[in-house]
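Read the structure below first, then the notes.
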């Protein structure tokens, strides 16, 4: 009898541990297919050249058809709502130069998509 109780207790403990691990994994998972943002590993200490290269890399990755412009179809509705303010000539697409100018003008806010208050 003691042996059965011990097995039951051990089984419940293993189950509880597995449930905890699964809940932590689910809590860390991106919501609604969202991609993870900046990890913060650089601690805000990137040089201007590193920031520019990071922006160019992100732009190139998002520019799925390789035409040098981002469109709503490429970036999705949520991202387009944010970056469409950079579309200075209102042609329905945003170039890297337009994004850079919008950042310089303060239209896009600060780091990582955060808008100024």
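Listed values, structure above:
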read-out: Residue within segment 103-116 that is modelled with pLDDT of 70 or more and in contact with a helix residue (DSSP H, G or I) (Cβ under 7 Å, 6 or more places away or on another chain) present; value: yes
read-out: Residue that is nearest to residue 52 (Cα to Cα) [pool: residues in segment 70-108 that are part of a helix (DSSP H, G or I), in contact (Cβ under 8 Å) with a residue 24 or more places away in the chain and within 18 Å of the chain's Cα centre (by Cα)]; value: 99
read-out: Selection status of residue 57, at pLDDT 90 or above and in a loop (DSSP other than H, G, I, E, B); value: no
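The values are calculated or read from the model by the stated rules, or taken from the named source; none is laboratory data. This one's a predicted model, so the numbers in the text were calculated from it and none came from an experiment. A quick note on method: Cβ atoms are made from the backbone with ideal geometry, for glycine too, and the neighbour counts reach across all protein chains shown.
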